[in-house]
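A.B. asks: Here it is, the structure in full.
The values are calculated or read from the model by the stated rules, or taken from the named source; none is laboratory data. The structure presented is a predicted model; accordingly, all values stated were derived computationally and were not measured. Because the Cβ atoms are built from the backbone with ideal geometry, glycine has one as well, and the counts that use them run over all protein chains shown. Ligands, DNA and RNA are stripped out before the accessible areas are found, and what is left, the full protein with its side chains, is counted by its heavy atoms. Shrake-Rupley method; radii C 1.70, N 1.55, O 1.52, S 1.80 Å.
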Amino acid sequence: MKGEDFIKAHDRVKDFDWQPSYVEAPSRYRMPYKIPAKTSDPFRHLVRDYCSMERDKDDRQYGAMSDVMARAKMPAKASERWTEVLKMVLPVTCYAEYAAMKCTGQLVDAVSNAELRQGYLAQMIDEVRHVNQEAHLMRYLTKHARDPEGFSQGVKLRNSMFITRASRAALDGFFAGNPIEGALNLQVVAETAYTNPIFVTLTEVAATNGDQATPTTFLSVQSDEARHMANGYATLAAVASVEDNLPRLQQDFDTAFWRQHAFLDPFVGAVYDYFQEHRGGSYLEAWKEWIGDDWAGSYIRKLEPFGVNLPQHWDQAAERIQWLGHTAMMLFAASWPMQFLRVDPLTAKDFDWFEKKYPGWYQHYGAFWEAYAEMSDPSSGTLPLSLFESMPTLCRVCQMPCVFPRPDISTARIKTHAGRKHAFCSDGCEYAFSLEPHRYANNHAWDEHFDGFGLADWIESVGALRADGRTLIAQPHLDWNRMWTIDDIRKIGFEITDPLKNLPASGEVTVLQ
Amino acid sequence: MSARASDTQVKTARDFTYIKPQRRRLTEYEALTVHMQPDHLAFDRAPGRIEETEWYLLRDDGTPLWDPASTALRAPDWFAWRDPAQQWQRTYVRHQEQQETALERATEDAALDGSLAELDPRWVRDVLCGHYRAWSFFEYAVFRAMSPAQREALSDTLGNAICFQAFDHLRHAQDVICYLVEIEHHCDAVDDGLGKRNWLEDPAYQPARALAEAIMTCRDWAELMLGANLVVAPLLQQVAVSELVRRSALPNRDAVAAQIVLTVERDRRRNVAAARALAELAVAESNPDAAANRNTIQHWLDDWTRRADAAAVALAPAFDKVPVPATTHAEALARARAATVELVGELGYSSPLGGAA
């Protein structure tokens, strides 16, 4: 179908909605917004074109992976340091896509606009596509990577590890609240701001490190994202066109931005900067380009005349970004037996790169990484966690440690609400809690959940052991001849504790020293 | 200190170890689908002393993100459900692309060989525009309803299957539009607005519209999946589409309309099989709530059957407008009723249309 016929068909597709007269048809989701019936169309494909386009893309991606790459044993030739981090990344991105699919289901129901609904449907199937693509990559690496342990059970382990578990606190935001809140979290923030640094720039890092499978998958994923960003823009423009919506819109936008930033920036920053073996750009550089300049400087600024402003805590986020990934990675490496991947110690070359890309890095993190390398052999009988007085308490809202941006300049804010103590890592998280405490107040952070577990017992109970039943999946190095076993951990006798128990009922405290 | 893990006698798994396959080996469908949705009751329940459900962010009304109350049915493990067709996105989109390509070519061929120009204007105006285009609104309503249902479904396997069904229905609705746009080049009888007018005003379509609006407000994803596929599909969609459009199309020299419906029937068979698998899971012997579920499903089937049957009965005037009749409304309705009774009977349910459990 071409030209005028296509436009005619598309116009008729947009006329499918009608005003029900036999039942009252309120949306099943609470909608504190008015949506205008007419909007600009973000997506002018019919189902027919969509299927054709996606099939071509699928054939290219899966064909390349199953033919050339697998036969040439390319996954096994990729940098081992880099490949390890995919064990943690892929279970998280799979869930992000899955949560996105749920978001679009809500939008179809709640946004009474047939034009937008067509776009949401295509995105709904896209998100199933992305879940399948990323699960396929995870399975592909299980089959072909040098070390399959961690890939083969990553989805099972993701809910037991404190960092991957914290991803839920951000990604659930795609569909936990009202549908527009979900669209703001997903389409306006996560997809428009963060998918470029994740699916485009990060794939350059992957390719530089010999990993062709991830770019092949992620770039195919990203080819759908432009439509999702258009969906987000059209949704946002539609909501912002009704003046009564603006106060609530800004509030939901503020919390959506902070919810995504609080997890994604520390997480992606750590992934980006600490697993490159053959080094290129930094996350800070990618962030400034894609999120600082493109998203905040262009995309959001253009909405200001319509009454949508940069998120309330944007300046704090921009200020924190320099250190978030480093602090997250320090904690991640310090708690390496609680993870399910191998974390390679940094080399002198890495040290130089970090100091060049993040001036002042060595002063704050250098000593830790030197100690980490020294403790990487089981014969040391020591865990890097011993470098700290205790594990940091976790934030009730984002579930991340209250140590950001950098341990020496951060405090946990402790509050008691309805008889229960809560810690918050930042103004943004505290603000989100103050708006709707009932959505957070009963959850249990990782350390509350596992308080009192011996570390060795915990590792066994969550199943973070290799097939021999005694060697840890996680290791603090890539050396096959110095693998830590559960016996090594048991000898150390480390116990997981909940630091919040011993903190005062209110006030600000430094939690990692 | 251990030696290298691969030096041990234990073979390291080269596939996912966290999914229990339904059959002997893990299928690609299972590997790419199962446990993508958090399962706070079992798979994702972390060991520990805290027994409460673990949600980090509740819905704004304080309820959990996936709520057992989203369906009246109870099952110990919704994640055990498997799509009998084993569809994942790639296989599903490939299938739909093949169907759409076939329809596009068939339409193009019919335009070029003069078939579209030879269509009886009464067939075009009264059946394709007046009836089939009106029916496209019903399909759209099912798409609308299935979209939030996939969000609420209590497992990934169920959610994905419902998501694909949503797509099926919008595809069907759009195919009707695309076909009429092409016919407009060859026949002056096209009145695209007639379908919506009939849908909104013609008494023959009001029971169908009432049902469509009820479907859009159905809050129970399992009820929707069972009602739409075990009742509406074999009864109402059979009469409105298979009998009235597909069966009549060839006598009225319209091969394309027949082919559109054939693709829809292929999708329908997949969705009926999925609903049957859901009904069977709900009353499995191992389910302590099987008896209550059976009663609930019987109640749903009865309720949906009454409404779908009323809608199918009301379509009689549409049959009278077929220029070269292939069947009567009474015959079509009788066949559809018998098929519906047989389908629910195979699952052990009675039907208000006759037949005992």
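A.B. asks: With +1 on the Cβ of every Lys and Arg and -1 on the Cβ of every Asp and Glu, and nothing else charged, how large is the dipole of the protein assembly as shown about its Cα centre, in debye rounded to the nearest 20?
C.D. replies: 1240
A.B. asks: Hey, another quick one. Cross-link partners among lysines for residue A:102, C-alpha distance below 27 Å, same-chain residues fewer than 8 apart left out?
C.D. replies: Partners found: A:14, A:34, A:38, A:57, A:87, A:156, B:20.
A.B. asks: Turning to a different aspect of this structure: At most 11 other Cβ atoms within 10 Å plus a DSSP loop assignment makes a site exposed; report the longest stretch of chain B without any exposed trypsin sites (Lys or Arg not before Pro). Walk me through the numbers on the way to the answer.
C.D. replies: Numbers: sites that count: B:11, B:23, B:24, B:25, B:49.
Here the longest run is B:50-357.
A.B. asks: Under the rule that an exposed site lies in a DSSP loop and has at most 16 other Cβ atoms within 10 Å, name the longest stretch of chain A with no chymotrypsin sites (Phe, Trp or Tyr not before Pro) of that kind, not counting the sites themselves.
C.D. replies: Segment A:23-513 is the longest.
A.B. asks: If you don't mind, another one. If you project the alpha carbons of segment A:78-344 onto the principal axes, what extent comes out on each, in Å, largest first?
C.D. replies: 55, 37, 30
A.B. asks: If the only charges are +1 at each Lys and Arg Cβ and -1 at each Asp and Glu Cβ, what is the size of the charge dipole of chain B around the Cα centre, to the nearest 20 debye? Display every interim value, and only then the final one.
C.D. replies: Working: 39 positive and 52 negative charges, 182 e Å.
Using only the charged Cβ atoms, the result is roughly 880 debye.
A.B. asks: Tell me the per residue accessible area of the protein assembly as shown using a 1.4 Å probe; a whole number in Å² is fine. Don't skip to the answer; put the middle values down first.
C.D. replies: Details: 28980 Å² over 870 residues.
Per-residue value: 33 Å².
A.B. asks: Something else about it: Given points 7 Å out from each Cα along the Cα-Cβ axis, report the residue B:11 to residue A:146 separation in nanometres with one decimal.
C.D. replies: Going by the 7 Å Cα→Cβ label model, 2.3 nm.
A.B. asks: How are the alpha carbon pair distances in segment B:114-346 distributed across 10 Å bins from zero to the largest one, expressed in percent?
C.D. replies: Per 10 Å bin, starting at 0, the Cα pair percentages come out as 8, 34, 35, 17, 6, 1, 0.
A.B. asks: So, one more: Threshold 30 Å², probe 1.4 Å: give the residues of segment A:168-203, in number order, that are less accessible with all protein chains present than with their chain alone.
C.D. replies: SASA drop of 30 Å² or more in segment A:168-203: A:168, A:172, A:175, A:176.
A.B. asks: Now for a separate question. What are the trypsin sites (Lys or Arg not before Pro) within segment A:50-159 that DSSP puts in a loop, where the Cβ has at most 14 other Cβ atoms within 10 Å?
C.D. replies: Values: sites: A:55, A:57, A:60, A:71, A:73, A:77, A:81, A:87, A:102, A:117, A:129, A:139, A:143, A:146, A:156, A:158; in loops: A:73, A:146, A:158.
Within segment A:50-159, the qualifying trypsin sites (Lys or Arg not before Pro) (loop, at most 14 other Cβ atoms within 10 Å) are A:73.
A.B. asks: Can you give the convex hull volume of the alpha carbon atoms of chain A per residue, in Å³? It would help to have the intermediate numbers written out before the result.
C.D. replies: Values: hull volume 79.8 nm³, N = 513.
Spelled out: Cα convex hull of chain A, divided by residues, is 156 Å³.
A.B. asks: Report, by chain and number, residues whose modeled amide H sits under 5 Å from the one on residue A:495, excluding near sequence neighbours (fewer than 5 apart, same chain).
C.D. replies: A:455
A.B. asks: Next up: Please name which of A:434, A:410, A:373 has its Cα lying farthest along the dipole of segment A:329-467 towards the positive end, using unit charges on Cβ (Lys, Arg +1; Asp, Glu -1) and the Cα centre as origin.
C.D. replies: A:434
A.B. asks: While we're on this one: Along each principal axis of its Cα atoms, how long is segment A:235-339 end to end? Whole angstroms, biggest number first, please.
C.D. replies: 51, 28, 22
A.B. asks: Average partner chain C-beta neighbours within 10 Å, per residue of B:141-153? Could the numbers behind the result be given before it?
C.D. replies: Working: counts 4, 0, 5, 9, 2, 4, 10, 12, 3, 7, 15, 5, 2.
Mean partner shielding for this stretch: 6.
A.B. asks: Okay, helix-only estimate at 222 nm for chain B: each DSSP H run of n ≥ 4 adds -39500 (n - 2.57), divide by all residues, round to 500 deg cm²/dmol; what do you get?
C.D. replies: Computed ellipticity for chain B at 222 nm equals -17000 deg cm²/dmol.
A.B. asks: In square angstrom, rounded to the nearest 10, how much accessible surface does residue B:324 have for a 1.4 Å probe?
C.D. replies: Around 70 Å² of this residue is reachable by solvent.
A.B. asks: Could you work out the longest stretch of chain A that avoids the GluC sites (Glu not before Pro) located in DSSP loops with at most 15 other Cβ atoms within 10 Å?
C.D. replies: Values: sites that count: A:24, A:389.
Segment A:25-388 is the longest.
A.B. asks: Let me ask something else about it. Whose amide H sits under 5 Å from the amide H of residue A:483, counting only residues 5 or more places off or on another chain, with H placed in the peptide plane?
C.D. replies: Amide H neighbours of residue A:483: B:2.
A.B. asks: Okay, next question. Grab the DSSP H runs of chain A that are 4 residues or longer, score each as -39,500 (n - 2.57), total them, divide by all residues and round the 222 nm result to the nearest 500 deg cm²/dmol.
C.D. replies: Numbers: 19 runs with 250 residues, N = 513.
Helices in chain A give a 222 nm mean residue ellipticity of -15500 deg cm²/dmol.
A.B. asks: Cα centroid distance between segment B:251-308 and segment A:308-350, in Å?
C.D. replies: Cα centroid of segment B:251-308 versus Cα centroid of segment A:308-350: 50 Å apart.
A.B. asks: Other chains' Cβ within 10 Å of B:214-224 residues: what's the mean? Write down the numbers at each step before the final one.
C.D. replies: Numbers: counts 4, 1, 5, 8, 2, 1, 0, 0, 0, 0, 0.
Per-residue shielding by partner chains comes out at 2.
A.B. asks: If you count, for every residue in A:490-499, the Cβ atoms of partner chains within 10 Å of its Cβ, what is the mean? Each step should come with its number before you reach the end.
C.D. replies: Numbers: counts 0, 0, 0, 0, 0, 0, 1, 0, 0, 0.
Counting Cβ atoms of other protein chains within 10 Å of each residue's Cβ and averaging gives 0.
A.B. asks: Heavy atoms only, 1.4 Å probe, whole protein assembly: order A:479, A:126, A:15 by accessible area, highest first. Present the calculation step by step, with values, prior to reporting the outcome.
C.D. replies: Details: A:479 50, A:126 0, A:15 75 Å².
Final ranking, largest accessible area leading: A:15, A:479, A:126.
A.B. asks: Turning to a different aspect of this structure: Ignoring ligands, DNA and RNA, what percent of the accessible area of chain B is carbon or sulfur (1.4 Å)?
C.D. replies: Ligands and nucleic acids excluded, carbon and sulfur reach 50 percent.
A.B. asks: Nearest 100 Å², what total accessible surface is buried between chain B and chain A (probe 1.4 Å)?
C.D. replies: Values: alone 17890 and 20740 Å², together 28980 Å².
Roughly 9600 Å² of accessible surface disappears when B and A pair.
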